[in-house]
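Chemist: Mind having a look at this structure? Questions to follow.
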Amino acid sequence: MGDKQPVSVLVVIHTVDGQALLIERADKPGYWQSVTGSREGEEALRDTALRELAEETGLVLTRDDPRLSDWGLVNRYEIYPHWRHRYPEGVTHNDEHVFGLCLERPVAVTLAPREHLAQQWLPWDEAADKVFSPSNAEALRMLPQKLAPVAARP
């Protein structure tokens, strides 16, 4: 059994006009997702999000970058059986904390080759239909309401 913590982040990378970046898992080709990863040690969840962004996309942000926002949403879900070996024995559920990273326009990212095979930018609704994770799809479907305050700015 592994020692992975059952506490993770999901970071929806999106543009101001509602496009979302999806990355394809290397260990499960055909499984598309947003950036995600488990907390290490006692790091703050924002630090987990920043670390995972850098590791999975090459996007390096400062801790106080206002483009990264905590959406105040925590999803509790059952860990897929084929990934449970990564966690301590008996762990079956994970708490996923959702963040968003709002960019002006789509950017090419540098994928971690051992983790991801491909990337694509899609309109939020198409991205929500493509991801394998129900909680990721739910977060993507929240984008219109997250973008409304951005669109209302002068």
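Values in this text are rule-based calculations from the coordinates and carry no lab data. This is a predicted model, so every value here is computed, not measured. Using ideal geometry, Cβ is built from the backbone for each residue, glycine included, and neighbour counts are taken over all protein chains shown.
Chemist: How large is the dipole of the chain about the Cα centre if only Lys and Arg carry +1 and Asp and Glu carry -1, each at its Cβ, rounded to the nearest 20 debye?
Modeler: 180 debye
Chemist: Which of these values of log10 I(q)/I(0) by the Debye sum over Cα atoms at q = 0.12, 0.13, 0.14 Å⁻¹ was calculated from the structure shown: (1) -0.48, -0.56, -0.66; (2) -0.67, -0.74, -0.82; (3) -0.55, -0.63, -0.71?
Modeler: (1)
Chemist: Which one of 74, 60, 16 has the biggest mean-square fluctuation once the chain is modelled by GNM with Cα springs under 10 Å?
Modeler: Result: 60 has the largest fluctuation of those listed.
Chemist: Give the shape of segment 8-86 as rounded, prolate or oblate, defined through the alpha-carbon gyration tensor: a ≥ b ≥ c are the square roots of its eigenvalues, a/c under 1.5 means rounded, and otherwise the shape is prolate if a/b is larger than b/c and oblate if not.
Modeler: Oblate is the answer for segment 8-86, as a/c is 1.5 or above yet b/c matches or exceeds a/b.
Chemist: In segment 31-101, which trypsin sites (Lys or Arg not before Pro) fall in coil by DSSP and have 15 or fewer other Cβ atoms within 10 Å?
Modeler: 63, 67
Chemist: Under a straight-distance cross-link criterion of Cα-Cα below 26 Å, which lysines are reachable from residue 146, leaving out those fewer than 8 residues away in the same chain?
Modeler: Within the straight-line cut-off, residue 146 pairs with 130.
Chemist: Among DSSP beta bridges lying fully in the chain, give the percent that are antiparallel, nearest 5.
Modeler: 70 percent
Chemist: Which of the lysines could be linked to residue 4 by a straight reach, that is with a Cα gap under 19 Å, when you skip same-chain ones fewer than 8 residues away?
Modeler: Candidates past the 8-residue exclusion: 28.
Chemist: Now a separate question. Let me check I've understood the local charge: for residue 74, count other residues with C-beta under 11 angstrom from its C-beta, Lys and Arg +1, Asp and Glu -1. What total comes out?
Modeler: Summing Lys and Arg as +1 and Asp and Glu as -1 gives -2.
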